[in-house]
Structures are given as structure tokens and as C-alpha cells.
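One structure below.
The values are calculated or read from the model by the stated rules, or taken from the named source; none is laboratory data. As the structure is a prediction and not an experimental result, all values here were calculated from the model. As a convention, Cβ positions derive from the backbone with ideal geometry for all residues, glycine included, and neighbour counts pool all protein chains shown.
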């Protein structure tokens, strides 16, 4: 059981079409970095909620494993790129890059009208 519940969010009116699904996983080198990274992850979550083209986001934090997983659903690749290049996401990722043990980012088509779940999009998270 997670120490922190999953934090889901879905837009009131997701866009049409299948959109783009992005699954991101990262693991921090040091346990002592988890609180600061969690604060940064929550800021990025707020950024995503306000980003044009964002349809949904799920953040799973596993603090003791130093692991964070997000599943996000976007209107298109352009919306994902705008989000990734914008603050705070851009600065946070630059700041934390050297403190990660592992990082993966997988993009694939979404399913029209169906917000993704962690179980379906990232079953091993």
C-alpha cells in the first residue's frame, strides 16, 4: 500500500480524438531528496492542470522506493512539447537530472473518450 495516495486529475471536457498518452517513471538516487522532489512534482502537477491540451494526469509517488510515476493524456504531441518546455517542468527536470538513477518516458496513442488509468498504462508502477 502506498504511503501517499495516487493523485488523479481529469479535465472537465477532454478534447476529441485519441490524444497522446505519456508514461514517465523516475527514481531518485537518495532518499533524502524525496521531500524536495515531491514538492517539485506537485508544482508540475499544478502546471499540467492549467496547461492547454492537458486531458488527465495521475501522479504516483512511492517515497520509500524513491520512485515517481506519471501517466498523462494530452490532445497532441504539440501540447506535450509546450508543457515540457515550460516552467516549472523545464527547470525541475534540469535541476534533478543528475540526481536520478533511472528515467523513462514512453509516448503512445491514447483511447478516444477514455482517461487512462495507472493499471492499464503503467501496470508495474
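Only residues that are in a helix (DSSP H, G or I) and touching a residue at least 24 places away in the same chain (Cβ under 8 Å): list them for the stretch 79-91, please. Answer for the stretch 79-91, where residues must be in a helix (DSSP H, G or I) and touching a residue at least 24 places away in the same chain (Cβ under 8 Å): 79, 80, 82, 83, 89.
Of the residues making up the stretch 50-83, those that are farther than 15 Å from residue 22 by Cβ and touching a strand residue (DSSP E or B) at 6+ places or on another chain (Cβ under 8 Å) are 61, 62, 65, 66, 67. Would you be able to say whether some residue in the stretch 61-72 is over 19 Å from residue 125 (Cβ atoms), surrounded by fewer than 19 Cβ atoms within 10 Å (Cβ to Cβ) and more than 15 Å from the chain's Cα centre (by Cα)? No.
For residue 10, state whether it is within 19 Å of residue 112 (Cβ to Cβ), under 15 Å from the mean Cα position of the chain (by Cα) and surrounded by fewer than 19 Cβ atoms within 10 Å (Cβ to Cβ). Criteria met by residue 10.
Residues in the stretch 109-119 that are surrounded by fewer than 14 Cβ atoms within 10 Å (Cβ to Cβ) and free of Cβ contacts under 8 Å to residues at least 60 places away in the same chain: 114, 119. Among the residues of the stretch 92-108, write down those that are part of a helix (DSSP H, G or I) and surrounded by 13 or more Cβ atoms within 10 Å (Cβ to Cβ). Within the stretch 92-108, 92, 93, 95, 96, 99 qualify.
Can you confirm whether the stretch 29-50 contains a residue that is in a strand (DSSP E or B) and modelled with pLDDT of 95 or more? Spell out the reasoning first.
Residues of the stretch 29-50 that are in a strand (DSSP E or B), as a first pass: none.
No, the stretch 29-50 contains no residue that is in a strand (DSSP E or B) and modelled with pLDDT of 95 or more.
Picking from residues in the stretch 4-26 that are touching a strand residue (DSSP E or B) at 6+ places or on another chain (Cβ under 8 Å) and part of a loop (DSSP other than H, G, I, E, B), the one that is nearest to residue 58 (Cα to Cα) is 6. Selection within the stretch 18-55: residues that are within 18 Å of residue 81 (Cβ to Cβ) and in contact (Cβ under 8 Å) with a residue 60 or more places away in the chain. The member of this set that is surrounded by the most Cβ atoms within 10 Å (Cβ to Cβ) is 19.
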